[in-house]
Amino acid sequence: MDSALKVNQGVPQPPAINPRAREIIIKKRSRHLDVSACLDGIRNGNIPILAQAITLIESTKEEDRKKARELVSACLPASGNSVRIGITGVPGVGKSTFIEAFGKYITSSGHKLAVLAIDPSSERSKGSILGDKTRMETLSNDPHAFIRPTPSGGSLGGVARKTRETVILCEAAGFDIIFIETVGVGQSETAVHSMTDFFLLLMLAGAGDGLQGIKRGIMEMSDLLVIHKADGNNVEKALQARSLYQGALQLFPPAPSGWTPLALTASSLEETGLEKILETILNYVRLTEENGFFQKKRAEQAVYWMRESIDDYLLSRFYGNPHIKKVLPEMEKKVKEGLTDPFRAASELLKLF
């Protein structure tokens, strides 16, 4: 006679050994690697070592900064062989969704992609959520893609202070296409433009007066404007917005690159328009390499980042100075209480430095 009692199978137990144990061990070891070992790991495409090297260049410790400068200099000869693409857009445009869909298309086309997703830092707590890797779940598991969310640290345009060095490391690791995702649209997006070859602006259709929702300067910097979420009932609106923006782009002065900016539509949900976007980017690179603008812009960027490096170094030296550390709180108190003005206080601190 069959019993009415039934014993369910137990819950499957996790393996005794963490399947990521080897990766974790490599990461822990890489923390203690010297510059030469880090360089070898990066050139061999070792992702855990690349991740640790990026953490090293983000460090504010003087010892780490010195090692980071040596590593970046060593990686320079193997860098420069990628297309650097800046991606920005209005809030809610779906940057992360677009990057994942477009990123999957890029890796399926035989490219290696690095995504440097800049996360805004809180002015109050100085913390960041760093949730881009979670939002891009499929792309995160792609062996041909590397996603690095980085706190902006309050730097200009939400661009992490060390993003330029991170780009060099990613290029040395063999990534031939690099995305730099910014916090959002603003006048300070110039910082992103100064480190990329191609600037892609995402826009929405049917969100009010679109041309009022974005600064003219951002549109002038853009090499491609993409009307995102062109799917379902929004297709017709997206096509109308494309015509509107294409007409607006024609009114701007000719770009020094010789390139005529375009407006396209795309849907990450239906994965449409992605092929045309990649084709447009590669056409831009081909044109600017032929007319010499690509190399000229890279040279100008190198000078710009030399100046930025000087500013960064002087700033860190100033606030790291033991005399400044001792006097600064007292001087700030005097300024708050109105015992001295900010300009005189700054002058005195600089003299002390």
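The values are calculated or read from the model by the stated rules, or taken from the named source; none is laboratory data. Not measured: the values here are computed from a predicted model. So basically every Cβ, Gly included, is an ideal-geometry build from the backbone, and we count neighbours across all protein chains shown.
Taking the criterion of being more than 29 Å from I57 (Cβ to Cβ) and in contact with a Lys or Arg (Cβ under 9 Å, 6 or more places away or on another chain), the only residue of region 274-332 that qualifies is L274.
Just one of (1) part of a loop (DSSP other than H, G, I, E, B); (2) modelled with pLDDT under 90; (3) within 30 Å of D40 (Cβ to Cβ) fails for A207. It is (3).
Yes/no per residue for (1) part of a loop (DSSP other than H, G, I, E, B); (2) at pLDDT below 90; (3) more than 33 Å from the chain's Cα centre (by Cα):
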{"residue": "E308", "(1), (2), (3)": "no, yes, no"}
{"residue": "D311", "(1), (2), (3)": "no, yes, no"}
{"residue": "L314", "(1), (2), (3)": "no, yes, no"}
{"residue": "F318", "(1), (2), (3)": "no, no, no"}
{"residue": "E330", "(1), (2), (3)": "no, no, yes"}
{"residue": "K333", "(1), (2), (3)": "no, no, yes"}
{"residue": "G338", "(1), (2), (3)": "yes, no, yes"}
{"residue": "F343", "(1), (2), (3)": "no, no, yes"}
{"residue": "L349", "(1), (2), (3)": "no, no, yes"}
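Which ones in region 71-129 are polar (S, T, N, Q), at pLDDT 90 or above and part of a helix (DSSP H, G or I)? Answer for region 71-129, where residues must be polar (S, T, N, Q), at pLDDT 90 or above and part of a helix (DSSP H, G or I): S73, T97, T107, S108.
For region 299-310, the count of residues that are of a type in the set (K, R), outside the structural domain of S194 (by TED's automatic domain parsing) and exposed (fewer than 11 other Cβ atoms within 10 Å of the Cβ) is nonzero. With the structure loaded, tell me whether F353 is surrounded by fewer than 17 Cβ atoms within 10 Å (Cβ to Cβ) and either touching a residue at least 12 places away in the same chain (Cβ under 8 Å) or more than 26 Å from K95 (Cβ to Cβ) (or both) or whether it fails that test. Yes: the conditions hold for F353. Close Cβ contacts (under 8 Å, 6 or more residues apart or on different chains) running from residues in region 22-50 that are at pLDDT below 90 and aliphatic (A, V, I, L, M) to residues that are surrounded by fewer than 17 Cβ atoms within 10 Å (Cβ to Cβ) and not in a helix (DSSP H, G or I) comprise I24/N18.
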